[in-house]
Every structure is written in structure tokens, then in C-alpha cells.
1. Given labels modelled 7 Å from the Cα in the Cβ direction, how far is it in nm from K156 to K183?
2. What is the dipole size for the chain, taken about its Cα centre, with +1 at each Lys and Arg Cβ and -1 at each Asp and Glu Cβ, in debye to the nearest 20?
3. Please find, in a Gaussian network model of the chain (springs between Cα atoms separated by less than 10 Å), the residue of A125, A110, A142 whose mean-square fluctuation is greatest.
4. If I stretch the segment between E146 and R52 completely, what's the gain in nm (0.36 nm per residue apart, minus their alpha carbon distance), one decimal?
5. Considering all projection directions equally, how large on average is the shadow of the alpha-carbon convex hull of the chain, in square nanometres?
6. So, in nm, how far is label K75 from label K203 when the simple model puts each one 7 Å beyond its Cα toward the Cβ?
7. What full-extension length gain, to one decimal in nm, is calculated for L172 and A40 as 0.36 nm per residue of separation minus the Cα-Cα distance?
8. Find the centroid of the Cα atoms in the range 26-64 and in the range 65-88, then give the distance between the two in whole Å.
Amino acid sequence: MKLRFLAVLMAMLVTIGCTESEDTRKLLEIDRVMNGGRYAQAVAEGEKYVGRFPESYKGWSILGWAYLKSDQAKKAEECFDKALTINEKWDNAYVGKGVLYRQQGKLDLARQSYLKATALVPENAEAFSSLVVIELIEGNDAKAVEYGEKAWALRKDYPSIPANLAIAYHYLGNMQKRDEFFKHAQRLGYHDLESVQDIFNGKVGIR
């Protein structure tokens, strides 16, 4: 049985600096709605937003995330592509496409998309943590740890990062580091500690 969690969907809008033709507060509101699990509402509000601001790459990107969380992969990809057509350097859209590709089992494309994000923004902790997932699935445990440590050095407030890193150290065989990062994930309130423990106990696997 393979465990399907490790989604690493953290805050969607890492930076929201909007132009005068955009509505910063509305983008933040849509982001909060989505992160609160109200995906249908986020889609509806996101669609209205891009209708009002059709040149907002951030608007198209957040709508892509809303579609992605609503299991509408085709529409999500179209939105991310639209965002990148407007701004080819928007790293958030590359992370979104990476998540989409990973869900579709296209691991090489997912890796390429995450690496594109880190090339554009070396401080993108979300992209590095997402790379952990790809390398773990493919059995590249040392590489997974490397990416996880980079993510952790950048952000120590995202519970998904130490959770993924704990799993990477588990597969690498370093139980001391595994337990250290599990405690970090626990302290930060990671939502699915039981699944992480199931991996540690061999009840489930990710590959």
C-alpha cells in the first residue's frame, strides 16, 4: 500500500506584492478561503478575480491552486500556464505545476518544474520540500535529505518540511535525525503524524 499524503501544499501566495491594477486584499482573502478548505468558494472567487484582472498572473496562479485542490487537473494546468504566459518567472506557478505532475505520476516533469522554481527563487522552501517527495518516491534518499535540509534552513515554520525530512532520514537509516525532525513536525502541529509513524513502523510505504 502506498501512502498518498506528502502533498506539501503550504501557503499558496508566498509574496503578494500587487500592482495598482490588482486587489491585494482580495487575493489574500481568496488564499485564506482556500487554505481553510473551502475550495469551491475559492474557485468561484478566483474566477471572478481573473475576470476582473485578466492580466494578474498571481490571480491565475491562485485560481490554479484552487482548481488543483478541487481535483480539476486540466483547469489547474491551464491556469498555471496562463500565469506563466503573463510572467514566465513566477515561481509559484511552477510549484503548482510540479504538484500537478506529481499527482499524475509524471515525476521527471514534476522535478523539472520544482527545479525551475528554485532556479528562479533560491529561497523557495516549498519547492525544495516538494523535491523531497519526488526523490523519496524514486528511492534517492540522500538527495531527499539534501533537499529537505535546504528547505528547513529556509523556513522553520512549515510543519510539512520537518515531516518530510523525518521520513527521508528514516529511509536513509538515520533514526536519531528522524526522531529529531519528527519532534519538530509535532511541535509545529503537522496534521498527519499518525501516517508518518505508520511509515516508521512499516505499515505503509511511499514507493
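1. Result for the modelled spin labels: 1.4 nm.
2. 320
3. A142
4. Stretched out fully, the E146 to R52 stretch lengthens by 29.6 nm.
5. On the way: hull surface 42.9 nm².
Taking a quarter of the hull surface, the average projection is 10.7 nm².
6. 3.6
7. 43.6 nm
8. 11
The values are calculated or read from the model by the stated rules, or taken from the named source; none is laboratory data. These numbers come from a predicted model, not from an experiment. Glycine also receives a Cβ, built like all others from the backbone with ideal geometry; neighbour counts cover every protein chain displayed. The area values use the complete protein model at the heavy-atom level, side chains included, leaving out ligands, DNA and RNA. Shrake-Rupley method; radii C 1.70, N 1.55, O 1.52, S 1.80 Å.
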